[in-house]
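The values are calculated or read from the model by the stated rules, or taken from the named source; none is laboratory data. As the structure is a prediction and not an experimental result, all values here were calculated from the model. Here the Cβ positions follow ideal geometry from the backbone for every residue, glycine too, while neighbour counts run over all protein chains shown. Surface areas here come from the heavy atoms of the whole protein model, side chains and all, with no ligands, DNA or RNA. Shrake-Rupley method; radii C 1.70, N 1.55, O 1.52, S 1.80 Å.
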Number of protein chains: 2
Amino acid sequence: MSVTTKATIASFGGKLLKLSHNASTTGCEMAFNLFLPPQATTNATDKVPLLIYLSGLTCTPDNGSEKGFFQHGASKHGIAILYPDTSPRGVNIEGEDDSYDFGSGAGFYVDATASPWSSNYKMYSYITDELPRTVFSAFSQVDSTCVSITGHSMGGHGALTLFLKNPGKYKSCSAFAPIANPLKAPWGEKAFKGYFGEKDWQSKGKEHDATELVKGWKGPLDILIDVGTGDNFYKQGQLLPENLAKAAKEAGVDSGLNIRFQDGYDHSYYTMASFSDDHVQHAAKYLFT
Amino acid sequence: MSVTTKATIASFGGKLLKLSHNASTTGCEMAFNLFLPPQATTNATDKVPLLIYLSGLTCTPDNGSEKGFFQHGASKHGIAILYPDTSPRGVNIEGEDDSYDFGSGAGFYVDATASPWSSNYKMYSYITDELPRTVFSAFSQVDSTCVSITGHSMGGHGALTLFLKNPGKYKSCSAFAPIANPLKAPWGEKAFKGYFGEKDWQSKGKEHDATELVKGWKGPLDILIDVGTGDNFYKQGQLLPENLAKAAKEAGVDSGLNIRFQDGYDHSYYTMASFSDDHVQHAAKYLFT
């Protein structure tokens, strides 16, 4: 559970820590970044809540830290931000670096069951269990009982599915341009076939598909989602937020599902930077009540 | 004067345009980015003022656009931001790509007089004349009479020297971690010797050194400068803001020179993102009066 500090960077009155640890879940050294807001770094006695930001395909912990602008809102509210990596790295599985959308940088926040990926590609367990345990153990000023989740693209899929699969675990959820129905999208099909195998990908995939999971959701559902109308992956049918909206409506839990179609915005971090204040505010509403 | 649009990206309610033009000053295609705030993109009849952001060593127009968060403040105030490149590119001068701190990505905002650089490395003329003329010609919603300047590191040197050499041209000036006395700093000495020649580098350099130029400044001087105390280049004596402060004081023009030493901040864009709102606010004070 020991954490190595690679860098400490002042940011918005707090500290952005570049960290790593030897993760048993994934069997390799995993990098992650943690933003501690000023409220957690200046003789604070109160604990600060945590917002987990899950990145999209190809990203490392640095993309969101440098370009997402989450620290701006987090500093104001007093929220720590956790930026995990998107897959195991360098675990010497044949083909791990062959595609941008499978293997390295593309763990899809599932526990792989198909060989050879099942040995290391356990991002679901890593993100829901080992990484937060490691953070809470190393940083006592972060409140383990007060955690929200958000993410972008593949990370939006991660945020939605982790939230929907674990009622009560996260105080709130939001997403930018999420892969909202991976069973019906080329990215999702490729990932699920690879990580679960040709035989099981649809049945296992159902357990990791927000549009399927929302059908079983009980109680109110207050999720903020931003999708840009200029997002090429949205246009290509990789995101399918309408399918999530339809399923939520049919399940009668759509009253709090706020999908905002942002005029002309694309799939890039420019979109996230423009709306991250809103997503931090959405989390704050639940983290401080 | 024609401008090619490479991309139009929605950002903070406005548009970040990735552009290029064939520049006669530098004899090559030059990339630049222009952020048009919402006030300039939605049937606006009023013109918007312009803030020029000059980047540091190795940067392209994208570094500031993606990681500086100037768009956040600029969107609020209604200010366009111009992100120029830092040198000519691909002009086939022997050795142009050999160093990170000389040649490509390191134009130092001077007009070179020494061969072979004098043929293309005319960044002073390019930034003070050709590029803004190109922008005002192509984007009528940008007000050519209302321009401020800021910059980082080598670009902070650029902002300070262009402001001090051209009284009245820019409404205001600010800088992040500027090379404030290049004649006394290893980066500046190398650049000036290369661009002006071994014989002339000190005399010519005096015309492009903020600490020298401030000695001749008449009237009030209201400049905001942020320098991080954790900035390794500050510690190594590349920036020397104290020399600028001393010279301004001796010239009796230091009353408005606000050098803020930011505790623990480094030389990176994390620092800029943390304080860019303040620098946009500083510019707005002058751009809207």
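Quick notes on this structure:
- Residue check for residue A:83: in a strand (DSSP E or B), in contact with a Gly (Cβ under 6 Å, 6 or more places away or on another chain) and surrounded by 24 or more Cβ atoms within 10 Å (Cβ to Cβ): yes
- Residue selected from the range B:60-116 under the condition of a type in the set (Ser, Thr, Tyr) and under 17 Å from the mean Cα position of the chain (by Cα), by the criterion nearest to residue B:160 (Cα to Cα): B:109
- Meets criteria (over 16 Å from residue A:273 (Cβ atoms) and surrounded by fewer than 22 Cβ atoms within 10 Å (Cβ to Cβ)) for residue B:62: no
- Scope the range B:94-120; condition more than 12 Å from residue B:192 (Cα to Cα) and surrounded by 18 or more Cβ atoms within 10 Å (Cβ to Cβ); matching residues: B:96, B:104, B:105, B:120
- Among residues of the range B:257-285, those that are more than 24 Å from residue B:56 (Cα to Cα) and touching a strand residue (DSSP E or B) at 6+ places or on another chain (Cβ under 7 Å), counted: 0
- Some residue of the range B:10-25 being more than 14 Å from chain A (Cβ to nearest Cβ), part of a loop (DSSP other than H, G, I, E, B) and more than 24 Å from residue B:270 (Cα to Cα): yes
- Among the residues of the range B:26-54, those that are at pLDDT below 95, touching a strand residue (DSSP E or B) at 6+ places or on another chain (Cβ under 7 Å) and either more than 25 Å from residue B:171 (Cα to Cα) or more than 14 Å from chain A (Cβ to nearest Cβ) (or both) comprise B:39, B:40, B:47.
- Selection within the range B:159-185 - small (Gly, Ala, Ser), buried (at least 24 other Cβ atoms within 10 Å of the Cβ) and farther than 19 Å from residue B:287 by Cβ: B:177, B:180
- Failed item in (1) open to solvent by 20 Å² or more (accessible area, probe 1.4 Å); (2) assigned to a helix (DSSP H, G or I); (3) away from chain A (no Cβ under 14 Å), with residue B:126 passing the rest: (1)
- Residue check, residue A:188 crowded, with 16+ Cβ neighbours inside 10 Å, away from chain B (no Cβ under 14 Å), in contact with a Pro (Cβ under 6 Å, 6 or more places away or on another chain) and farther than 28 Å from residue A:287 by Cα: yes
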